[in-house]
Amino acid sequence: NQSTDERPETFPYVSVHPLAKRTNFADFEPVDSQFSAVRTEKQLEPIARTRDTTDTTTHNPGDWLSKLDLTSAELSVNQENQLRQLLHQYSDIFSSKPGRTNVVKHHIDVGDSRPIKQGPYRLLNPERKAECTKQTAEMLNNDVAEPSFGPWASPVTLVPKKDGTLRFCIDFRKLNEVTVKDTYPIPRIDDTLDALKGAKYFSTLDLSSGFWQVELDEGSKEKTAFVTHEGIFQFNVMPFGLTNAPATFQRLMDLVLRGLKWSCCMVYLDDVIIYSPTFEQHLKDIDDVLKRIKTSGLTLKPSKCFFCHQELKYLGHIVSAQGIRPDPEKLEAVRSFPIPSKTKDVRAFLGLTGYYRRFIKNYAEVAEPLFDSIREKHNPIFVFTPERQLAFELLKERLIAAPIVTYPNFDYPFMLQLDACDYGLGAVLAQNIEHREHVIAYASRTLQPCERKYSAPERECLAIVWGTQHFRPYLEGRPFEVWTDHRSLQWLRSIKDPTSRLARWAMKLDAYDMVIKHRPGKANSNTDTLSRYPLKSEVVAVLQTNGIFIGPLEESQEIAVNLWDHCNILDGIKLAQRQDKNYSPLISFIQDDIQPDDEVLHRKLQNLAKTHRVIDGKLYRVRKFEEDSPLKNNLSPHLLVVPKSKRLEILKLAHDHPVSGHLGRRKTLHRISIRFFWEGMSRDVAQY
């Protein structure tokens, strides 16, 4: 009815549904005799798209709603009706089938690496072969995968699930080895849980096959190819098992929920939690989050979504208005854990209990006999001594009886309570609120072999150093109390050598505003009273910004932070590599695929390329680890190659810099070798 010069401000609202395999093309609604279209003020919004057209959960709202558990939330009839009305508005995003978003696409950067083809396919028994055929067909039908004609191929493996079915997995280890790593951060679980302070209502969302809702860019699809007895296929969506998949998915969810995260919701990969102080506010927050999910084209699995609970499971913990406690199901796994019969069993048990170490006072001290058992690398006989048996049972007991830890309240000051023994450090972060002490978290770690040689006062200093660093997000920028033995402070005051280890520790705590309080020595031996010290205390020092200090960081970390990363040496090395006659041809060969005419040089560069990588324009040597080396998880796999023109500068920084300490040959060599590589480094350090 509008004139031809006018354009409608909004388009008619259109509901779009995927066609089922057997259905009418359309259902027609009668219109009035004037054939006028009905205008609506509602804006057109993207509808989550699912690739499997047999899914009907978006057609019949009752189907998906029946899969939601709304009765266990203990809501009143009126509250439940309000929740149902809200969820009905988003019926199209609840589906057991994955949607497809275009907010981000996953890219696989392999640098200059040549295609990796692992073949032929692995032999399978008839049962597994049939399962492989079935799951491949499902992926093809749902547009998850397609035939591949590229040079890449990774093998398939079928992994048994707990229910006896088989999980279809691709062995992407070779591809991951040559993939440039994405450094996008995955949230810390403890930081995520701390954000829930003050909430009384919680809802959790789980995406339907979350990774499969992210498309691959065209150039990356062929790299995900997998080989089966039926041929080679490649993914159209981001598969599980890629090294950078978690980073991409976290980036996606952070973009989707930008502005809501940290205020009313948190997200850890595909696990979303919405939290609010009141029911009315919670409905609004749910509406805001679901609106973002819908607009992005993502879908949620209804059977894994829970709304408006006052106590809910999230990231292996039970969260409520009262605080956080371990998941009882996980505790049952601890309670029923059998006595270890091999080192692998001990590792599994420590992994299970270590996840909840924030709930266990002096965890490292209690678990030390078990850690000691896994350090026995060359002992072919596994011996579970009575001491280890006692530690095993004690850890079980302490975790099962773990207390509820409260959320931090930044309106009140924190207390850091510390303890050090011959082989471990313990810390308790607490707050005194309304004359009651509330534990925020426990922390502990074992001492390194070199640290066990420290004197008792040095270990007390180290405890302060480590404890303040461990809980730095809570302590930095605000005054707090440290309860420890005052001898550590006396040691700091008596320092005469400004380059000693204690002096370097001292410089690290320059930014902290803390009051150190004396704890009588008899309290040290009573680990059961670690979190509650005598009320009468003596203030022995006030450490303020730019005042007296103590400080942390492992020696290798300290140099990495204070020297290499905060000077121009790294950029200088990059330029010097390009100017070096030995390294420049290798960089060009690896990065730019420039082939030398000289056959001897060509063979030499081919061999060197096997042990070198070019990352961000800099040449790195690939570090070699033993297969079972614990250093694999702690050290970078790449060492920056230092040309001859820059080696003297590295030696001066590592030995002569004011914070370097003028250490001996062995320690200086260690300091350099954890970050850099050049032939003859040991000789050069000794001569210097």
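The values are calculated or read from the model by the stated rules, or taken from the named source; none is laboratory data. Computed from a predicted structure; not experimentally measured. Virtual Cβ from ideal backbone geometry, glycine too; neighbours counted across all protein chains shown.
Observations
- Identity of the residue in the stretch 393-414, modelled with pLDDT of 85 or more and surrounded by 20 or more Cβ atoms within 10 Å (Cβ to Cβ), that ends up farthest from residue 436 (Cα to Cα): 395
- Of all residues in the stretch 602-635, those satisfying the criterion of being among the polar types (S, T, N, Q) and at pLDDT 85 or above are 606, 607, 611.
- Residue ID - modelled with the highest pLDDT, chosen from residues in the stretch 231-273 that are assigned to a loop (DSSP other than H, G, I, E, B) and among the hydroxyl-bearing types (Ser, Thr, Tyr): 263
- Filtering the stretch 433-452 to residues that are assigned to a loop (DSSP other than H, G, I, E, B) and touching a Phe, Trp or Tyr at 6+ places or on another chain (Cβ under 7 Å) leaves only 447.
- Pairs are defined by a Cβ separation below 6 Å, a sequence spacing of at least 6 or placement on different chains, a first member in the stretch 120-137 that is modelled with pLDDT under 80, and a second member that is of a type in the set (Val, Ile, Thr); the pairs so defined are 121/227; 121/228.
- Candidate set: the stretch 168-209, residues that are of a type in the set (A, V, I, L, M) and under 16 Å from residue 240 (Cβ atoms); chosen: the one surrounded by the fewest Cβ atoms within 10 Å (Cβ to Cβ): 186
- Output for the stretch 407-456, where each listed residue is free of Cβ contacts under 8 Å to residues at least 60 places away in the same chain and among the basic types (Lys, Arg): 436, 452, 453
- Residue in the stretch 473-482 that is modelled with pLDDT of 85 or more, among the acidic types (Asp, Glu), closer than 30 Å to residue 318 by Cα and not assigned by TED's automatic domain parsing to the domain that holds residue 365 present: yes
- Any hit, the stretch 371-391, residues being modelled with pLDDT of 80 or more, within 21 Å of residue 190 (Cβ to Cβ) and assigned by TED's automatic domain parsing to the domain that holds residue 348: no
- Selected residue (criterion: surrounded by the fewest Cβ atoms within 10 Å (Cβ to Cβ)) from residues of the stretch 565-610 that are under 31 Å from the mean Cα position of the chain (by Cα) and part of a loop (DSSP other than H, G, I, E, B): 610
- Unique match (being buried (at least 16 other Cβ atoms within 10 Å of the Cβ) and part of a loop (DSSP other than H, G, I, E, B)) among 87, 124: 124
- Scanning the stretch 271-282 for residues that are surrounded by fewer than 20 Cβ atoms within 10 Å (Cβ to Cβ) and either touching a helix residue (DSSP H, G or I) at 6+ places or on another chain (Cβ under 9 Å) or not β-branched (Val, Ile, Thr) (or both) yields 271, 277, 279, 280, 281.
- Within the option set 638, 662, being under 23 Å from residue 505 (Cα atoms) and either surrounded by fewer than 20 Cβ atoms within 10 Å (Cβ to Cβ) or at pLDDT 90 or above (or both) holds for one residue only, 662.
- Considering (1) surrounded by 15 or more Cβ atoms within 10 Å (Cβ to Cβ); (2) more than 30 Å from residue 281 (Cβ to Cβ); (3) touching a Lys or Arg at 6+ places or on another chain (Cβ under 9 Å), the lone condition that residue 226 does not fulfil carries the number (3).
- Qualifying residue in the stretch 456-463 (condition: surrounded by fewer than 19 Cβ atoms within 10 Å (Cβ to Cβ), at pLDDT 80 or above and closer than 18 Å to residue 363 by Cα): no
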